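Here the structure comes first, spelled out in structure tokens, and everything after it is commentary.
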Amino acid sequence: MSGDDMESSRGGGVKTNINGYNNNSSSSASTYLIEDTETQWTSWLVPMVVVANIALFILVMYLNDCPNRKHTRLVGNCVASFLGRFSFEPLKENPLFGPSSSTLKKLGALQWTDVAVKHQGWRLITCIWLHAGVIHLLVNMLSLVFIGIRLEQQFGFVRIGILYLVSGFGGSVVSALFIRNNISVGASGALFGLLGAMLSELFTNWTIYTDKAMALLTLLLIVTINLAIGILPHVGNFANIGGFLTGFLLGFVLLPRPQFGWLERRNLPAGTRPKSKYKPYQYVLWLVSVALLVSGFSVALVMLFRGENGNDHCSWCHYLSCVPTSSWDCN
């Protein structure tokens, strides 16, 4: 991954491999060790998001109160009944050890009719903070810690916070466009947005990586495996895809690194003109990404609130979320 292949340019006292910057006219392709003096960001936002998600799940389970919902339950008894009102719904209703779908919907789960017909657009954000069960929560929070802390240390809480929220929102919009009959919850869209941003960060800061091929192959493998898992039943791959695309474009906007020549401008001799802060291709990627984000969100939101079904405009897109086999039925 990008965060594992190169230390942050803000890492205090950390030596970083930088490609493409020369100390003299005869070594333009050389690799140099540059010692940075700025300190690395302290990660506090990602741990807070993890704590908030866990606390909210506990609150959801408290409000769900499985033992007192027998009149609404068709089959089975509460799982882990010794937990009292924190016990889980029967596994036939929720195999992920969590609350009922009606409780999730009441507290802000995403459903097309609520957004497009009842105009409850706030569900596009609230669903990011809800999880279907302990397994769902555990997988997402471990992924967030693994990916998010490293990114926050490199780029700070503001940019990573924006990435997380906007990517989650993008995943919710795409999910609502293509999924009509089920509710959707979870932070997977936001997490895939961070993965997408890591990939675009690798491209936009390509010259400072010493092992480009390995970094690229590692990221592509991780993304491919996770998207492949999304074609299984009951996994909202549309949220994953929407979050990934949003994060990928936002990475070009929020995560470009300045040229080393610009960072060293204070040490240049008097009268020497410093390099521009970014390379021309970084500016081009920034402009193209902003244009695609604005136009993409505009079109998607107009379609959503007009009640259009994304499947009507893409007859094969449903295969991106579930591929039917002899072992399961996507319906």
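Tell me the net charge near Ala300. Cut-off is 13 Å between Cβ atoms, Ala300 excluded, with +1 for each Lys or Arg and -1 for each Asp or Glu. Charge balance near Ala300 sits at 0.
Fully extended, how many nm does the chain gain between Val117 and Ser295 (0.36 nm per residue separation, minus their Cα-Cα distance)?
Full extension from Val117 to Ser295 adds 61.8 nm.
Applying 1/(1 + (r/R0)^6) with R0 = 30 Å to the Cβ-Cβ distance of Phe146 and Ala213 gives a FRET efficiency near 0.85. Between the amide H of Val79 and those of Phe88, Glu89, distances stay under 5 Å, these residues lying 5 or more places away or on another chain, with hydrogens modeled in the peptide plane. Here the simple spin-label model places points 7 Å from the Cα toward Cβ, and for Tyr319 and Leu83 these points are separated by 3.9 nm.
For the stretch 35-156, calculate the relative contact order in percent as a whole number, restricting contacts to Cα pairs under 8 Å that are 6 or more residues apart.
Working: 142 pairs, mean separation 39.5, N = 122.
Computed value for the stretch 35-156: 32 percent relative contact order.
By other beta-carbon atoms within 10 Å, ranking Asp312, Asp114, Asp211 with the fewest at the front produces Asp312, Asp211, Asp114. Stretched out straight at 0.36 nm per residue, the stretch from Asn311 to Val134 would grow longer than its current Cα-Cα span by 60.6 nm. Report, to one decimal in Å, the Kirkwood hydrodynamic radius for the stretch 135-208 based on all distinct Cα pairs. Across the stretch 135-208, the inverse of the average 1/r is 13.2 Å.
Bear in mind that the values in this text are calculations on the coordinates, not laboratory data. None of these values were measured; they are calculated from a predicted model. With ideal geometry, Cβ positions are generated from the backbone for all residues, glycine too; neighbour counts draw on all protein chains shown.
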